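Here is the structure we will look at, set down as structure tokens.
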Amino acid sequence: MTRIVLVVSDVDGTMVTKTKVLTEAAKAAVQKLHDAGIGFTITSSRPPVGMQFLIEPLGITLPIGPFNGSSMVDGQLQAIEQHLIPEAAATRSIEVLDEYSVDIWLFTNDEWLIKRNDGKYVPHEQNTIQHDPVIVDDFTPYLAKACKIVGASADFPLLERCEKAMQEALGDTAVAVRSQHYYLDITPPGQNKGTFVAAIAKRLGISLGAIATIGDMQNDLPMFKVSGMSVAMGNATDDVKALATDVTTSNEEDGFAGAVEMILRRNAGG
């Protein structure tokens, strides 16, 4: 069995609690990885600024993967690799989200743009990424710089239907997948958390089999598919759990720390 030398983790629903708290147990777990000589980094649907609060407390020195892994940035949030949604796909995404009457957000590398600030999840996102949105009248001037477009809705079944319609509308011109039950993310084509893991592996000169990944949602499945070990959170849906090699407890029960213990036991041959 290949020894794990790198762990790549999702953030929301995985490393942090429902209230977006990074627990002491999670910090201690990452320190155990460092002590064992195992590398650690994160990938998330969040924009770069929304991941910054984790870099110092977790001692992350490797590149991180915002926007569902479609970008790679350093510790100062400077782009190492960046992919954008093709403008035609961005335009079509806005049209489909409008058809389903969900709140629409557009993210560039350093800005979060919205048309209205009374959307249900705007305060939630502000708290999550610790960054304020910019209100605009029209997304058109920003479509050529779109790293991610989000449809937000408290109507989960509606958003699930929107996800399927979006995938049909976009085909292979962009990736459309929910990162939370209430967020539908549209990101650049051919890029996902799996391609980020592969890029990190190439950068470090290690095999994909020597990487463990931890996550909880459908957008984590591409990295589960390419890594040698994958751990689904206890709060993940059954279909996500079924595609992981291991399952830990929920993010409210320090399941991330439990996943790290599984990885360490594997390396110890236990």
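The values are calculated or read from the model by the stated rules, or taken from the named source; none is laboratory data. Treat the numbers as computed from the prediction; the structure is a model and nothing was measured. Here the Cβ positions follow ideal geometry from the backbone for every residue, glycine too, while neighbour counts run over all protein chains shown.
Observations, loosely collected:
- The criterion of being farther than 18 Å from Arg46 by Cα and at pLDDT 95 or above does not hold for Pro133.
- With respect to the conditions (1) surrounded by 20 or more Cβ atoms within 10 Å (Cβ to Cβ); (2) in the same structural domain as Cys162 (by TED's automatic domain parsing), Ser101 falls short on a single one, namely (1).
- The condition of being surrounded by fewer than 20 Cβ atoms within 10 Å (Cβ to Cβ), in contact (Cβ under 8 Å) with a residue 40 or more places away in the chain and either closer than 23 Å to Ile85 by Cα or not charged (D, E, K, R) (or both) holds for only one of Asn267, Asn251, Asn219, Asn192, that being Asn267.
- Boolean, Ala152 is touching a residue at least 60 places away in the same chain (Cβ under 8 Å), surrounded by fewer than 24 Cβ atoms within 10 Å (Cβ to Cβ) and over 13 Å from Gly65 (Cβ atoms): no
- Tally of residues being in a loop (DSSP other than H, G, I, E, B), among the polar types (S, T, N, Q) and touching a helix residue (DSSP H, G or I) at 6+ places or on another chain (Cβ under 7 Å) across region 89-108: 1
- When Leu84 is tested against (1) exposed (fewer than 14 other Cβ atoms within 10 Å of the Cβ); (2) part of a loop (DSSP other than H, G, I, E, B), only condition (1) is not met.
- Among (1) touching a residue at least 40 places away in the same chain (Cβ under 8 Å); (2) out of contact with any Phe, Trp or Tyr (no Cβ under 6 Å at 6 or more places or on another chain); (3) crowded, with 18+ Cβ neighbours inside 10 Å; (4) not assigned by TED's automatic domain parsing to the domain that holds Leu170, the one test that Arg92 misses: (4)
- The residues listed here are Ile149, Ile60; of these, the one that is assigned to a loop (DSSP other than H, G, I, E, B), out of contact with any Asp or Glu (no Cβ under 6 Å at 6 or more places or on another chain) and modelled with pLDDT of 95 or more is Ile60.
- Residue in region 106-120 that is among the aliphatic types (A, V, I, L, M) and more than 24 Å from Val136 (Cα to Cα) present: no
- Some residue of region 24-44 being of a type in the set (Val, Ile, Thr), more than 26 Å from Ala236 (Cβ to Cβ) and in the same structural domain as Asn219 (by TED's automatic domain parsing): no
- Residue in region 8-17 that is buried (at least 22 other Cβ atoms within 10 Å of the Cβ), farther than 24 Å from Thr249 by Cβ, β-branched (Val, Ile, Thr) and in contact with a Lys or Arg (Cβ under 9 Å, 6 or more places away or on another chain) present: no
- Filtered residues of region 112-145 (kept if under 21 Å from Thr17 (Cα atoms) and either assigned by TED's automatic domain parsing to the domain that holds Gly50 or in contact with a His (Cβ under 9 Å, 6 or more places away or on another chain) (or both)): Glu125
- For first residues located in region 95-115 and of a type in the set (Ser, Thr, Tyr), partners that are part of a helix (DSSP H, G or I) and crowded, with 22+ Cβ neighbours inside 10 Å and lie 6+ apart or on another chain with Cβ distances below 7 Å form the pairs Tyr100/Cys162.
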